[in-house]
Amino acid sequence: MDASGNEPSESEAGKSAGPSTVKKVAEAALPLEVGSLALGEDGHIQHGREDSPLHFRFTACGLDFEADLAGKDAPLRLTAHLGKLPYTAQSPDGRRLARSVLAATDRLRRGQILLTENQDMILQGELTPPSPRTAVNVIATATALILDFKPYIDLMAEALNLHPPRPSEPKNAEGEEAESEDVAATVSSDEGATIAETADDEAADDEAASKETGEDGDAAAKAAAVGET
C-alpha cells in the first residue's frame, strides 16, 4: 500500500518482487542442467551456481539409494545399505553365499560391495554423467549403475533370505510322562467300562437262567402230583 492508501497493481508488485520465473528460465542457458536454477531464500527462482553440488535419494530394487554429484564434472556416486552379513549360526549357507558375492564384486569396473567393521554390507558405485548434466542424463547414469549391480543385488537378497530348516522341538520327559498317564487312564477307563458291561450281562444271564430253572422245577412238581393221583 502506497502513501495515498492505494494497493499496488499486480504488475507493479511483480516489478518490485524482481524478475519473473518465466524470465529467469528464459535467461538460463539451454539445455537446462541440474542445479542451473534454484529456489532462493525469498521463495523466488534464481540462477544457481554453475558448479553447485547435487544430492538426492530414490528407491530401486527394494533398496534406498543416496546419490551425490560433487560438481559439474564430478562422477555420480551411489550408495546403498544391503544389510548385515549373516552369522554362521544364523545361516551358514547365507553367509557363504554373501561372502562369495562380496568377493565377486571386485571385478566390477564401476564399484563394489564393501563390508564394514560392523558387518554392514554397503554398495558403492560411481559413473560420470555425459555432458550436458541434464536431469535425464543424471537419471540415465544412475540407472546404468543399478543395472551393473542388479545380478549381485539379487544374489545378496537371496543370501539374506536363506535360513536353515528349524528342527522339530523334542518333547520333554514331563510331557511324555503326562501323555503316558493320560493314555493309561483312558485305557483303564475303557477297560473298566468293558468289565462293568460284561458283569451286567453275566448277571442278567444268571437271572434269566434262575427263572428258567424255577419254572422247570414247578412244572416237574405239578407233573409228579398228577401222577400220584
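Computed values, structure above
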{"item": "Matching option when the condition is assigned by TED's automatic domain parsing to the domain that holds TYR152, of a type outside the set (D, E, K, R) and either on the phi > 0 side of the Ramachandran plot or in a helix (DSSP H, G or I) (or both), among ALA80, ALA89, ALA98", "result": "ALA98"}
{"item": "Subset of segment 65-77 that is assigned to a strand (DSSP E or B) and free of Cβ contacts under 8 Å to residues at least 60 places away in the same chain - its residue that is surrounded by the fewest Cβ atoms within 10 Å (Cβ to Cβ)", "result": "GLU66"}
{"item": "Selection within segment 106-132 - among the hydroxyl-bearing types (Ser, Thr, Tyr) and buried (at least 19 other Cβ atoms within 10 Å of the Cβ)", "result": "none"}
{"item": "Pairs where the first residue, in segment 89-104, is over 13 Å from ASP154 (Cβ atoms) and the second is assigned to a helix (DSSP H, G or I), C-beta under 7 Å, 6+ apart", "result": "GLY94/ALA159; GLY94/LEU160"}
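The values are calculated or read from the model by the stated rules, or taken from the named source; none is laboratory data. Please read these numbers as outputs of a predicted model, since none were measured by experiment. Reconstructed Cβ throughout: ideal geometry from the backbone, glycine too, with neighbour counts over all protein chains shown.
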